[in-house]
Amino acid sequence: MTSSLPSPSRVLATARRVLRQLAHDPRTIALLLLVPVLLLVLLYYVFDADRTAFDPIGAALLGIFPLTTMFLVTSIATLRERTSGTLERLLAMPLGKADLILGYALAFGALATVQATLATTVAVWALDLDIAGSTWLLLLIALLDALLGTALGLFVSAFARSEFQAVQFMPAVIFPQLLLCGLFAPRDSMQPVLEAVSNVLPMSYAVDGMREVLQHPEVTADYVRDALVVGGSAALVLAVGAATLRRRTT
Amino acid sequence: MTDPAPPGAVHARDLTVRRGPRTVLSGLTFDVRPGTVTGLLGPSGGGKSTLMRAVVGTQAHVTGTLDVLGRPAGHPDLRRRVGYVTQAPSVYTDLTPRQNLDYFAAVLGVRRAERAGHVGRTLADVDLTDHADDLARTLSGGQLSRVSLAVALLGRPELLVLDEPTVGLDPVLRRDLWDLFHRLAHEHGTTLLISSHVMDEADRCQRLLLLREGRLLADDTPDALRTRTGAGTVEGAFLHLVETGAAA
């Protein structure tokens, strides 16, 4: 195994290639950018009679959307890379695994930034999402969530043989986190075992981080912890995902 | 025979590959000479693709000796020096041929200023200039495999390993590709290892390796094979070798 440092030019070339692929697929881009916005609008009217209930759930969703969409996009994209033979070809060239993974992370991170900016702008300006803290802190968590989604998608694509299987990993990997992240019930009111499980799931920290920004005007210690946990989980899963990129056919 | 510095572009001694319980290649010993076009012929399922993967270093469970350009197969230094084209075209179908080549050229370290020219020349080599900016998904099978071949040509590799590059191509294109292969060998000294299950492509090669059921039947020139077996064609020679159970 070669443990060379990532090369900036190869990382950038990979990111540009991934974005060019997406550019040939305008419908996917439109879905990626517009669906979160439309869902937020939908949610706004779901809480038509009780506006105060919109804020905590709306803020949590701003973190959950990038995680979920990047998970899906990455798992399908890397599955294609594995099954089309292009991964085998790239790994037979002077391309390090880190170049490939960082290239993907950069491309999808850029896309996630656009998505999160759009969703946050609409939530704050059009839907009167009332946040005490800075919008930038909200965006930072959203971006870390997107990286976590990219990392998880890359990792599970190693266990999928087809796109059908890859899509099924979404309910398997994302839904449990969604149920336990504190969106539906406060985590400390859950059955103790579930609460303990929710303590080790990264989405819990993503949602908690969003709530911190919602409630506090300043950067709290909890926010810093949440950001570190989400970012750290993303880095860890990316490293494990890198190990699933094999150079050899068995 | 002891040979301190193996001269072969590929140097195999007692090469064996197991996939699960099955022995896919057993005890192959051969050399591929530098700057030649060597054909790897034999029926489908005979181990041709496995042998090619072993040579480019992407096959696991390889035992015996396998040196490529003087280094053990799969050595990181070889990644720049060996080009490999799989049977199924390995390109991005949601990019154009030009965008595909541009990306792979960047991975190979071709500098930005030189990339466009290099990509354009390589597209011309495989006769794809007219389709350079079509989405690869819309190309025919033959065009797509030429995009895949063009990617391998980008790095001007010293050894080019091509898995069935001419399958499904029309005769004119097939001739043009074989001309290109010989031009590469003559002008750049490239060594080419080309597999085919079509025996009538044998005469396009300077040397042949006949492979069947994981064993090497012959390692010779087309003429010598015919003379040795008394057969009129390489196909006849192949049958003769199978029936007499002869080994190389």
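The values are calculated or read from the model by the stated rules, or taken from the named source; none is laboratory data. Bear in mind that the values here come from a model prediction, so they are computed numbers and not experimental data. No Cβ is skipped: glycine too gets one built from the backbone with ideal geometry, and neighbour counts run over all protein chains shown. Keep in mind that these areas ignore ligands, DNA and RNA; they rest on the heavy atoms of the full protein, side chains included. Shrake-Rupley method; radii C 1.70, N 1.55, O 1.52, S 1.80 Å.
Taking first residues from segment B:80-95 that are more than 7 Å from chain A (Cβ to nearest Cβ) and partners that are outside any loop (DSSP other than H, G, I, E, B) and basic (Lys, Arg), the Cβ contacts under 6 Å between residues at least 6 apart in sequence or on separate chains come to B:93/B:137.
Under the condition of being within 14 Å of another protein chain (Cβ to nearest Cβ), without any contact (Cβ under 8 Å) to a residue 24 or more places away in the chain and not basic (Lys, Arg), the residues counted in segment A:202-250 number 1. Just to check your reading of the model, which residue among B:165, B:76, B:157 is within 12 Å of chain A (Cβ to nearest Cβ), in contact (Cβ under 8 Å) with a residue 24 or more places away in the chain and under 30 Å from residue B:27 (Cα atoms)? Matching residue, one of B:165, B:76, B:157: B:157. When we screen A:77, A:107, A:92 for residues that are within 13 Å of chain B (Cβ to nearest Cβ) and either among the aromatic types (Phe, Trp, Tyr) or within 13 Å of the chain's Cα centre (by Cα) (or both), the only hit is A:107. Counting the residues of segment B:75-102 that are in contact with a strand residue (DSSP E or B) (Cβ under 8 Å, 6 or more places away or on another chain) and not aromatic (Phe, Trp, Tyr) gives 9.
Can you list the helices (runs of 4 or more DSSP H) found entirely within segment A:64-158 that contain at least 3 residues being under 25 Å from residue A:175 (Cβ atoms), open to solvent by less than 10 Å² (accessible area, probe 1.4 Å) and among the small types (Gly, Ala, Ser)?
Values: elements: A:86-91, A:97-121, A:135-157.
Counting at least 3 such residues, we get A:97-121, A:135-157.
Restricting the search to strands (runs of 3 or more DSSP E) fully inside segment B:140-248 and requiring at least 3 residues that are open to solvent by less than 30 Å² (accessible area, probe 1.4 Å) and more than 15 Å from residue B:37 (Cβ to Cβ) gives B:215-220. Residues that are over 24 Å from residue B:140 (Cβ atoms), assigned to a helix (DSSP H, G or I) and more than 19 Å from the chain's Cα centre (by Cα) occur at least once in segment B:95-106. Look at residue B:144 and say whether it is farther than 17 Å from residue B:193 by Cβ, touching a residue at least 24 places away in the same chain (Cβ under 8 Å), facing chain A (nearest Cβ under 8 Å) and of a type in the set (A, V, I, L, M, F, W, C). The answer is no for residue B:144.
Summed over segment A:163-201, residues that are outside any helix (DSSP H, G or I), open to solvent by 50 Å² or more (accessible area, probe 1.4 Å) and over 15 Å from residue A:61 (Cα atoms) total 2.
Does residue A:224 count as at pLDDT 90 or above and within 18 Å of residue A:66 (Cβ to Cβ)? No; evaluated as a whole, the condition is false for this residue.
The set of residues from segment A:24-51 being in contact with an Asp or Glu (Cβ under 9 Å, 6 or more places away or on another chain), surrounded by fewer than 14 Cβ atoms within 10 Å (Cβ to Cβ) and either more than 13 Å from chain B (Cβ to nearest Cβ) or part of a helix (DSSP H, G or I) (or both) comprises just one member, A:51. With respect to the stated conditions, residue B:24 fails to be within 14 Å of chain A (Cβ to nearest Cβ), β-branched (Val, Ile, Thr), surrounded by 23 or more Cβ atoms within 10 Å (Cβ to Cβ) and in contact with a strand residue (DSSP E or B) (Cβ under 9 Å, 6 or more places away or on another chain).
Within segment B:105-132, residues that are closer than 14 Å to residue B:151 by Cβ and away from chain A (no Cβ under 14 Å) reach partners that are assigned to a helix (DSSP H, G or I) and of a type in the set (S, T, N, Q) with beta carbons closer than 6 Å, at six or more positions or on different chains, in the pairs B:123/B:129. Step by step: first the residues of segment B:77-89, then only those that are in a helix (DSSP H, G or I) and open to solvent by less than 60 Å² (accessible area, probe 1.4 Å), then the one that is modelled with the highest pLDDT. Which residue is that? Top of the filtered list is B:78. Against the criterion of being at the interface with chain A (Cβ under 7 Å from one of its Cβ atoms) and either in contact with a Leu (Cβ under 9 Å, 6 or more places away or on another chain) or within 24 Å of residue B:176 (Cβ to Cβ) (or both), residue B:101 does not qualify. Each residue in segment A:1-23 was checked for being away from chain B (no Cβ under 12 Å) and of a type in the set (A, V, I, L, M), and 1 of them qualify.
Looking only at segment A:56-63, decide whether some residue is among the hydrophobic types (A, V, I, L, M, F, W, C), modelled with pLDDT of 90 or more and in contact with a helix residue (DSSP H, G or I) (Cβ under 6 Å, 6 or more places away or on another chain). No, that holds for no residue. Show the residue pairs meeting these rules: Cβ distance below 7 Å; 6+ apart or different chains; first residue within segment B:51-68 and at the interface with chain A (Cβ under 7 Å from one of its Cβ atoms) and assigned to a strand (DSSP E or B); second residue charged (D, E, K, R) and open to solvent by 10 Å² or more (accessible area, probe 1.4 Å). Correct list of pairs: B:59/A:248; B:59/B:53.
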